[in-house]
Amino acid sequence: MFSLFKTGLQKIKAALKKTSSFLHKNLLAIFSKPLNEELLDDLERTLYEADLGSKVVSDFLETLKKHFLEYGHSKAENYLSLLEEKAYEILSVPPTTSGNEPMVGSPKLILIVGVNGGGKTTTLAKLAKYYQNKGQKIILAAGDTFRAAAQEQIAIWAERLQIDLVKGTLGADPSSVLFDAMAKAKAKKYDLIIADTAGRLESKTDLMQELEKIRRIAKKQDELAPHETFLIVDATLGQTAIDQTRTFHAYTPLTGIILTKIDGSAKGGIALALYREFGIPILFLGCGEKADDLIEFDPKSYTTALFSA
Ligand SMILES: Nc1nc2c(ncn2[C@@H]2O[C@H](COP(=O)(O)OP(=O)(O)OP(=O)(O)O)[C@@H](O)[C@H]2O)c(=O)[nH]1
Ligand SMILES: [Mg+2]
């Protein structure tokens with residue numbers, strides 16, 4: 001029967017279309033000839049352009065060379081399958097952090113962090129809807145007290161999704177907003193607090209240290225908090241995402257990464273690059289501006305989509 005609802009694989013294929021078209025077209029052209037040094041250079045360039053990152057690129061090159069030495073020239077399709085298998089193998093290595101564990105203890109706090117304009121507030125709304133659909137009682141904490149518009153933006157989402165919100169006042173300490181939200185969540189038996197934070201450049205030490213303070217204050221309410229810290233990364237940034245992740249992880253241990261704007265990007269390989277580098281679970285992909293534009297990250301669907309035509 002014709003279905004209006006896309007399956008997970010269809011959604012991820014659509015979201016990764018730009019990246020997979022780019023990879024497929026270039027890799028097929030390269031693999032149609034017997035491998036030689038010049039083609040390996042072209043191959044390396046193509047893989048870098050899809051933002052797979054240096055570690056994944058060398059994993060891929062090694063896999064191909066090994067196959068070539070053992071079996072000689074193969075059909076292009078075989079090479080593509082080899083890369084797909086290798087990508088899946090990379091994503092199958094156990095993560096180094098927990099990441100989106102089933103809700104234990106309550107209320108649970110998810111802290112949303114990332115650089116300016118990466119999609120934090122929009123993703124927070126998408127997550128709120130996602131967990132709401134799973135039957136969780138949710139409260140949002142408007143921890144971006146830096147921009148006036150930020151409070152309004154989260155209030156609009158809360159209203160639209162019919163989810164409770166603890167607002168802050170402009171210029172207030174974001175920790176205090178979080179503290180109030182956690183107190184309310186405990187008293188009123190919420191399952192989950194999702195806390196927004198202001199955008200911060202990873203190079204601004206004082207702002208990064210503010211994250212440490214936010215964590216300290218959260219621990220006054222619950223020593224296990226924040227139970228999750230999700231870094232929101234704009235996929236269109238490419239390799240900059242690696243540096244961002246490294247710095248954020250150093251100031252506030254991350255338990256998960258959500259890649260946004262994957263819909264407009266030919267740099268969808270960054271998910272693989274990030275996982276290879278840090279082992280922090282990639283949890284979701286953001287693929288648009290609406291509350292439903294959130295795809296649960298599944299390594300199998302991702303690798304299939306990445307190497308599909
Ligand atoms: N195409 C697309 N746009 C997105 C996605 N996620 C967020 N956006 C858009 O990106 C812009 C910034 O999103 P915000 O959620 O305000 O980003 P932010 O990180 O909260 O920004 P600051 O609070 O200013 O640091 C908005 O126009 C969003 O609609 C996505 O997955 N795909
Ligand atoms: Mg925001």
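Derivation of every value follows stated rules applied to the coordinates shown; laboratory data play no part. Treat the numbers as computed from the prediction; the structure is a model and nothing was measured. As a convention, Cβ positions derive from the backbone with ideal geometry for all residues, glycine included, and neighbour counts pool all protein chains shown.
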(request) Taking the Cβ of A183 as the centre, find all other residues whose Cβ is under 13 Å away and add up their charges (Lys, Arg: +1; Asp, Glu: -1). (result) +3
(message) With both bridge residues required to lie in the chain, what share of the DSSP beta bridges run antiparallel, to the nearest 5%?
(response) 10 percent
(message) Using Cα springs under 10 Å in a Gaussian network model of the chain, which residue among I232, I138, I156 shows the largest mean-square fluctuation?
(response) I156
(request) Which order do the peptides 19-26, 201-208 take when ranked by the mean count of other beta-carbon atoms within 10 Å per residue, highest first? (result) 19-26, 201-208
(request) Any chance you could give the angle, 0 to 90 degrees and rounded to 10, that helix 174-187 forms with the longest Cα principal axis of the chain? (result) 70 degrees
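For a quick protection proxy, order the peptides 179-191, 296-308 by their average other-Cβ count within 10 Å, most packed first. Could you put the intermediate results ahead of the total?
Working: 179-191: 16.8, 296-308: 19.6.
Ranked from most to least packed, the peptides come out as 296-308, 179-191.
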(request) Quick one: check the C-alpha center-to-center distance for the stretch 188-236 versus the stretch 115-164, whole angstrom. (result) 14 Å
(request) Using a 10 angstrom cutoff on alpha carbons, build the Gaussian network for the chain and name the most mobile of R45, R200, R276. (result) R45
